[in-house]
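The values are calculated or read from the model by the stated rules, or taken from the named source; none is laboratory data. Model, not experiment: these values are computed from the prediction. Cβ coordinates were reconstructed from backbone atoms using ideal geometry, including for glycine residues, and neighbour counts include every protein chain displayed.
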Amino acid sequence: MSPITPQPSGGPPVREGFHLDKTNGKVFGVCSGIANYFGIDTTLVRVGFVLGTLIGFGSLILVYLAIALIAD
């Protein structure tokens, strides 16, 4: 289980650490989770995964699936 800390403004609780973002994700929420963790745009992470998959002859597909199965 990952710790949940409340926001001081009374908003929804924020989880610390990396987690899959299944509500904003397309397949498993891996790219959305990475984007939330590093505070960058989700589209940049998705484009990076696609380019890395094409350049790396599909090896990032295995990394994506491993993250999806191990995280959360």
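Taken over region 44-72, the residue count meeting the criterion of being farther than 17 Å from residue 20 by Cβ, of a type in the set (Gly, Ala, Ser) and surrounded by fewer than 13 Cβ atoms within 10 Å (Cβ to Cβ) is 3.
Of the residues screened, residue 23 is one that is surrounded by fewer than 14 Cβ atoms within 10 Å (Cβ to Cβ) and either part of a loop (DSSP other than H, G, I, E, B) or at positive phi (or both).
Of all residues assigned to region 29-47, at least one qualifies as being among the basic types (Lys, Arg), modelled with pLDDT of 90 or more and within 11 Å of the chain's Cα centre (by Cα).
In region 52-66, the residues that are closer than 18 Å to residue 29 by Cα form Cβ pairs under 7 Å with partners that are in a helix (DSSP H, G or I) and aliphatic (A, V, I, L, M), at six or more places apart or across chains, as follows: 52/60; 53/60; 53/61; 64/30.
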